[in-house]
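Report on the structure given below.
The values are calculated or read from the model by the stated rules, or taken from the named source; none is laboratory data. This structure is a prediction, so every number in the text was calculated from the model and none was measured. Virtual Cβ from ideal backbone geometry, glycine too; neighbours counted across all protein chains shown.
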Amino acid sequence: MTDRPVPAAPAQDPPVLRLEGIVKRFGTMTAVDTVDLEIRAGEIHALLGENGAGKSTLMNCLFGLVQPDEGTILLDGLPVDVTSPRRALELGIGMVHQHFKLVPSLTVAQNVFLGSEPHTGPFVQTRTAEETVARLADEYGLDVRPDEKVRSLSVGAQQRVEILRALAKDVRILVLDEPTAVLTPAETERFFDVVRGFAARGLAVVLISHHLKEVRQVADRVTVLRLGKRVAHEAIGDVTNADLAALITGETRPVSSEVQRGTPGATVLEVEGLTLRNGRGVEVVHDVSLRVAAGEIVGVLGIAGNGQTELVEAVTGLRKPTAGRITVKGVDTTGASPGTVRAAGVGHIPEDRIGRGMAGYWSVDHNITAGYLDTDEVGGRLLSDSKASSLSARLMKEFDVRASSGRQLARRLSGGNAQKMVLARELSRQPDVVVCAEPTRGLDIAATDFVRRELVARRDAGGAVLLVSSEIEEVTQVADRVLIISAGRIVAEYADHRPSEAEVGRAMLEGKS
Amino acid sequence: MNATADFLAILLTSLVPILAAAVGGMFAERARASNIALDGCMLVAALAAIVAGAKSGNPWIGVLVAVAAGAAYSAILAFAAFFLRCDLIIAGIAANLLATGVTLLVVQNVLDSPGTYSPTGVDLVPRVPLGPLADIPVLGRALDRQSALLYVTVVLAVVAAIVLNRTRFGVHVKAVGESDEAALAVGIKPILVRTVTILISGACAGVGGAYLSTSSVASFNSQLTGGLGFIAFAAVIFGRATPWGTVLASLLFAAATSLSIRLQGTDLGIQQLVHALPYVATVVALSVQAIGLTRRDRYDVSETTYVPAIIPKG
Amino acid sequence: GGGSSSGDEGSADGTKTINISAPLSGQLGDKSFMDSANEGLQSAAKDFGVKVKVIEAGADDAPAWERNLTEASASGKNDLIVTGGTVMASTLKKVAAQFPEQKYLIFDSPSVGDNVTGISYAQNEGAFLVGALAALVTKNPDQFPRAKGTGKIGLVGGMDIPVIRDFAVGYEQGAKAIDPSIEVDVRFVGDFESAQGAFDLATAMYNDGSDVVYQVAGAAGLGVLKAGEESGRYAIGTDSDQNGLQPDSTVASALKAVGTTVHLAIEQFVDGKLEMGTTINGGIDNDGVGIAFNDELVPADIQKQVDDLRQQVIDGDITVKSAL
Amino acid sequence: MTNQLTGSENEAGTPRAGSWMTATARRVVPLGLRQSLIAIVLGLAICFVVILLVASDPLAAFDSFIVGTFRSTYSFGSMIAIATVLVLTALAAAVSFRSGAFNIGTEGQLVLGGLVAAVTAQHLGVTGLVGQAVALVAAAVAGALWITIPAILRVRYRTNEILTTLMFNYIAADLALYLVNSYFRDETSGAVETPPLDQSMWLERILPPSAANVGVVLVIVIVTAMWVLFDRTRTGRRMEASGMQPAFAEYLGIRSHRYLFCSLLGSGALAGLAGGVAILGITHAYVSGFSPQYGFLGITVALIGRLRPVGILLAAFLYSTLMTGATAMQSTTDVPFALVFVLQGVLILLITSQRTGGKA
Ligand SMILES: Nc1ncnc2c1ncn2[C@@H]1O[C@H](COP(=O)(O)OP(=O)(O)OP(=O)(O)O)[C@@H](O)[C@H]1O
Ligand SMILES: Nc1ncnc2c1ncn2[C@@H]1O[C@H](COP(=O)(O)OP(=O)(O)OP(=O)(O)O)[C@@H](O)[C@H]1O
Ligand SMILES: [Mg+2]
Ligand SMILES: [Mg+2]
């Protein structure tokens, strides 16, 4: 792809910020490769790219979290070197991170002023801090209570705290790294209004996102990174979604391939009146019933935190139900141990890939063969390394797990490859039931596509797939039946047709169809 | 009446080393830099105190040197953890073992007084007579002629509470304790904060050490802590690394010590078992708390953020 | 380690030097038992021109005692091997059996083999005397201004072990010999090291009414003496003369003449008079054990009363019970 | 949302409410051979510096410290004897470390194990090989029992096992003293010791007069068994998973708690057994202080041996060589045994250092 010239933007004041030839290497791999970028006051500038394309890294250089290996940062045309986040804030550069950087047990005000507390001597002026926060909050229409503990805030509110933190330093350039990833559609809408407000007040906003729709909604211009290089730099008006997708992935392919619907057979997984409590003993799933047939993908769709996690844990034996019944192929597995559930023929692709799905300090071989310990494919009475490694080599090939070798530590795998490794372990034994939660979270388009294909393949091979996800697009495209879960209840079911995103979106939010 | 007073008196004398060390340990723990080497710091400090006291002839110089020594020794821990990048707990265990060895070496080869070092004619840290106040019913008798270090320790505890809850440093400690990322993002250096808290914990343990070797008897022996440092660490944990929690926990364990001494008076014929009381108390306290917590989130599924301190490498 | 050698090559009369090795079961510096043994050895080294090497070991490292003993024996360079402490007895028994040619001297324990001479002390008798004194102190507050006349006395032991119990038995008997109604409060520090612990313990005992506390707690004992000073009561030292440490409150020390007896035994050895397989009994009669009064504090008539009891023990009118 | 907060914090293990006393997230210390070697070299170097500082005759000191052990078959034998015990305590430490919990209480388990070994056979009136077997088994059981409470607390309630096991050391010391005094004391002795064991109960000595004994065979068998268990069995693999990442293990259907519990009991049993071997093989009676900190030394050895059975075997021989060397040094020069403890501390620090270890 060639980097097309920027159309001379009319009546635009000179850029407040220029990045010239920024390079950042991590060991051997170059995360950011001679990237130029210019941001103007009052514009909303979208930064697109696959996972690992280098978006965050580039912005981290700007924000002083990492030091670029080459290149210069010019502010109002003057070269500056941003040695630390502190320095960045002094220069008027603020950043809201992809992963929030808040301290749960501290109050909103304490978080906003963390590191730069207003103080007399060693003592913090709590009142001053809280008053300032309150003022900023209603000035920018961000509602939060300064004295509330961050722990008790919703994700949206936490994000507002992050933004306030930047605003408290009255920044001129605000970087938002995948801000909407964690927001509900409604929250997203409100959020964009706020962002437009910023631009109107002359702030330069950099918005990182994976969602083309959103970008189109708010952005004035867009820059696309691929494999650390800048591949496009456009006014949003001049490109179509298809172009962007192509630029991002580097190939011209429809954003998602249409998936055939399956042909359901006999019911294999059956959940009756399931009731569950969460860690704190609060009932979070109430009397849920569902059934999944062989050769069918049932999508359970809901905004994160509506009981899906617990539901999955219960079905896979990780959490004991307080009421209800679960049967797999007629075998009652209610309250059975995860081992028993597996033995009954259930594969599980967990939501918490890193914490549950794999042992980061184990080699890929060990991780994959861990699913085969009960077979003789890893050796007889005693384990055999040769047998094990040949097995895992086969599966790594089959599931396209890219690693330097089977002996590479799993934690060094990229997110997508890690997920593929999990698939290799879970799907290769052809379980009759596959329970997967957020299987493509944080994956790029290619990896996402791969994972979805595998699920469909399993279905077509007669497996029953329970797909729990909060991504409307994913569920509506892959699932044969869609259940909407809200506040721990199934509030809607779409059996006969694939619902439109608008339909389910409303159901999810309103908690009824 | 007097019995109670005497019980309290012993409780307070046993409290000093535990509380002093615990108060410091609290900071470290709160910054997620558990200092399990409190015992070692105490030991080294105790030796420093008595030597400095003996050479300078002024017990307070002894105390100051002890504080310095405690901090310096804990610096080894910080060095190991943040420069050598050892696991903090293991480094702590090592530091304790090292302390025994080093003190023994110094006593035997530098001070040429094998085994126990008990120089004669060293002035001890003064005791504080209450004068007329001593006649206040229970408290008067309990507090009369307690070591000045008791008051130092109490002040330490109060200051600690204020620092942790009211100052910027306190906020930063809490922040680091909960999320390095959050701290880094606002330019707080976690390693720096942790190092400081570890130094603080060492310094406080130093006060405890000085108490052990120069408050009642000018005598040092590489066994003299008898695990007090670990009890202090337990107090931190039992106190949830909160100021008042730590104080209460320390009081509890001091009470156990005092009780074991009292019980020996009533001849049960099991003196040696009674002697174990403080240690038993520690275990019981920790268990009760842990059980309580598990009760509270008993529906929790297993810890997903678990990584062991050591794994054998291929 | 304190390898403290002394004495010069080849003694006065030009015969080859006698080598003595002394692997101990503990460490010096307790200002008491071990130290006085060491004095005996060093003085002997001076007086008889023998070569003495003291080897310490951790008080809690039994295997090392055995190693040191065996190493010393195996080297064959030592004419006599001196060791001590009841704890050492069983070890020496094993080792001595392996080296029948080697000569051994063990203090504070009876002989444990044909090639071993033992020196045992009737510590219970020494304790008996100080027990009597303690009783007299609490009975005569008028002569002992710091005493409250509570009729209660105490003993602080290092650990609850037989030897210490032996002290306790004698101590109690001595007290009862003065007045059967005397109460005796016995407590243990739990180790022989933590002086602060001993201090707190003793303080508690004074608070509970003891007028005098007798320490049998090794290095920790210093805490007891100090507590006596602090609490304005009296304390009694042990093994060697500790009256000087707290002159205003230490009324006496029960002596265990380890130093002199060891010195004596070595002298006999040098003169070839030391009989192997026998045990030298150090009791009240031959000053193996005794009492050192603090004359500043203890009036003559009190001393007299104690000495009478002493005489009765020597004459056999009183036999002091033992816990061993 | 908590995910958002703890997000990429997992490894640092952001404390959840009350996680202060729960033994959770730690940084991994991969133990590499290179590390062990570097550590040993540096450690010895430091010792030499110390010796140079304190010794009046450094050369003699070095000499006895390093080669003193190999001077006589006696000291060599003593070395073997110590190593025999160290291997067991080290394995005890290794088993618990590998299963993700720190059993710092090996000392206590060892002491009680030793006591039990010294008395059971006598009291059951069995002697000879049977007696030895009974005694050793009893010792192991005792060790296991002594860690049961901390183990339950750790497994069921996430109580900080480091503290509980440590406190149990102190309790064990008092308990042992009490038991010996009131029940098992050798009446003929003034010391705290049980009556000497019947000769037939002694583990056969292989290098008399030194304490080296056939326990060494037992140890080699156990080491082999451990190696197979860790590296070649499914149980071992599952154990490792449970230790390394309970959540992952559970998810795979492994009862991680069960494995952790068993590992801890096993750890205790090994420590107890070590006590038994020390009694039957070296002191032939329970003598208070029969253990020169075998338990803690075991931790060091386990780390030098990279928590792997064979490594531990080698490390144990190395370390006990230094210990006997130190004894020799102490008796020939004026450098105290304490040097060993210094070395111990230094070694642990250097070995678990990720800097000397470089990349995982
Ligand atoms: N600290 C680091 N060490 C090594 N590699 C890193 C580090 N940080 C980022 N990388 C690598 O640099 C590349 C770019 O990472 P970056 O986070 O910028 O991608 P991204 O575009 O933000 O992806 P995403 O959309 O998932 O946030 C990735 O391959 C990543 O693995
Ligand atoms: N901390 C790290 N240290 C070393 N290498 C790393 C690190 N993080 C990532 N990498 C390497 O960088 C490459 C990309 O990592 P990253 O996690 O960004 O993948 P990604 O680009 O996000 O792909 P995916 O979309 O599958 O997540 C991987 O090959 C990985 O091995
Ligand atoms: Mg990624
Ligand atoms: Mg990113």
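Assorted remarks:
- Top-ranked residue of the range A:32-53 - restricted to ones that are closer than 26 Å to A:F198 by Cα and assigned to a loop (DSSP other than H, G, I, E, B), ranked as nearest to ligand 3 (Cβ to nearest atom): A:G49
- Note on the range A:405-419: among residues that are within 16 Å of ligand 1 (Cβ to nearest atom) and without any contact (Cβ under 8 Å) to a residue 60 or more places away in the chain, the one that is nearest to the chain's Cα centre (by Cα) is A:N417.
- Selection within the range C:136-168: residues that are out of contact with any Lys or Arg (no Cβ under 8 Å at 6 or more places or on another chain), more than 14 Å from every other protein chain (Cβ to nearest Cβ) and not acidic (D, E). The member of this set that is surrounded by the fewest Cβ atoms within 10 Å (Cβ to Cβ) is C:P145.
- From the options A:E426, A:E474, A:E454, residue that is more than 16 Å from ligand 1 (Cβ to nearest atom) and in contact with a His (Cβ under 7 Å, 6 or more places away or on another chain): A:E426
- Criterion (within 14 Å of chain A (Cβ to nearest Cβ) and either under 30 Å from C:K94 (Cα atoms) or not hydrophobic (A, V, I, L, M, F, W, C) (or both)) met by exactly one of D:T224, D:T188, D:T283, D:T194: D:T224
- Once the range A:54-92 is narrowed to residues that are out of contact with any Asp or Glu (no Cβ under 6 Å at 6 or more places or on another chain) and assigned to a strand (DSSP E or B), the residue that is nearest to ligand 2 (Cβ to nearest atom) is A:E70.
- Selection status of D:S331, assigned to a helix (DSSP H, G or I), at negative phi and more than 7 Å from chain B (Cβ to nearest Cβ): yes
- Within the range B:111-122, residues that are surrounded by fewer than 24 Cβ atoms within 10 Å (Cβ to Cβ) have Cβ atoms under 6 Å from residues that are polar (S, T, N, Q) in these pairs: B:S118/B:S219, counting only partners at least 6 apart in sequence or on another chain.
- Restricting the range A:16-30 to residues that are closer than 25 Å to A:V205 by Cβ and within 16 Å of ligand 4 (Cβ to nearest atom), the residue that is nearest to the chain's Cα centre (by Cα): A:K24
- Taken over the range A:24-83, the criterion of being at pLDDT below 85 and among the small types (G, A, S) is satisfied by A:G27, A:G49, A:G52, A:A53.
- Leading residue by the ranking (surrounded by the most Cβ atoms within 10 Å (Cβ to Cβ)) among those in the range D:235-277 that are at pLDDT below 95 and over 24 Å from D:Y157 (Cβ atoms): D:R237
- Listing of helices (runs of 4 or more DSSP H) fully contained in the range C:213-324 that carry 3 or more residues being free of Cβ contacts under 8 Å to residues at least 60 places away in the same chain and over 17 Å from C:R146 (Cα atoms): C:300-314
- Helices (runs of 4 or more DSSP H) fully within the range A:443-513 counting 1 or more residues that are among the hydroxyl-bearing types (S, T, Y) and within 29 Å of A:R402 (Cβ to Cβ): A:445-460
- Within the range B:144-153, the set of residues being without any contact (Cβ under 8 Å) to a residue 40 or more places away in the chain and in a helix (DSSP H, G or I) comprises B:A148, B:Y151.
- Residue within the range A:361-371 that is within 16 Å of ligand 4 (Cβ to nearest atom) and farther than 20 Å from D:E250 by Cβ present: no
- Of all residues making up the range C:203-232, the number that are of a type in the set (D, E) and buried (at least 24 other Cβ atoms within 10 Å of the Cβ): 1
- Test set (1) away from ligand 1 (no atom under 16 Å from the Cβ); (2) free of Cβ contacts under 8 Å to residues at least 60 places away in the same chain; (3) crowded, with 18+ Cβ neighbours inside 10 Å; (4) not hydrophobic (A, V, I, L, M, F, W, C) - A:T375 fails condition number: (3)
- Candidate set from the range B:173-232 (those that are part of a helix (DSSP H, G or I) and charged (D, E, K, R)); member that is surrounded by the most Cβ atoms within 10 Å (Cβ to Cβ): B:E178
- Some residue of the range A:221-238 being part of a loop (DSSP other than H, G, I, E, B), more than 14 Å from ligand 1 (Cβ to nearest atom) and not polar (S, T, N, Q): no
- Applying the condition of being over 13 Å from A:A235 (Cα atoms) and in contact with an Asp or Glu (Cβ under 6 Å, 6 or more places away or on another chain) to the range A:42-53 and asking which residue is farthest from ligand 2 (Cβ to nearest atom) yields A:E50.
- A:L37 being more than 12 Å from ligand 4 (Cβ to nearest atom), within 14 Å of chain B (Cβ to nearest Cβ) and closer than 21 Å to A:P179 by Cβ: no
- A:A457 being on the phi < 0 side of the Ramachandran plot and more than 11 Å from ligand 2 (Cβ to nearest atom): yes
- Scoring A:N60 on the criteria (1) within 12 Å of ligand 1 (Cβ to nearest atom); (2) within 19 Å of A:L207 (Cβ to Cβ); (3) touching a helix residue (DSSP H, G or I) at 6+ places or on another chain (Cβ under 7 Å) leaves a single failure, condition (3).
- Residue list for the range D:38-73, restricted to those being in a helix (DSSP H, G or I) and farther than 20 Å from D:G345 by Cβ: D:P58, D:L59, D:A60, D:F62, D:D63, D:S64, D:G68, D:T69, D:F70, D:R71, D:T73
- Tally of residues being within 14 Å of chain D (Cβ to nearest Cβ) and within 16 Å of ligand 3 (Cβ to nearest atom) across the range A:442-501: 1
- Members of the range A:111-125 that are in contact with a Pro (Cβ under 9 Å, 6 or more places away or on another chain) and free of Cβ contacts under 8 Å to residues at least 40 places away in the same chain: A:G115, A:V124, A:Q125
- Per-region count, the range A:408-428, residues within 13 Å of chain D (Cβ to nearest Cβ) and either within 15 Å of ligand 3 (Cβ to nearest atom) or part of a helix (DSSP H, G or I) (or both): 9
- Each residue in the range B:1-32 was checked for being modelled with pLDDT under 90 and not in a helix (DSSP H, G or I), and 2 of them qualify.
- First in the range A:44-61 and within 14 Å of chain B (Cβ to nearest Cβ), second anywhere and more than 8 Å from ligand 1 (Cβ to nearest atom) and part of a strand (DSSP E or B), Cβ under 7 Å, 6 or more apart: A:M59/A:M95; A:M59/A:V175; A:M59/A:V206
- Residues being under 28 Å from the mean Cα position of the chain (by Cα) and either within 16 Å of ligand 3 (Cβ to nearest atom) or over 21 Å from B:V173 (Cβ atoms) (or both) are entirely absent from the range A:70-77.
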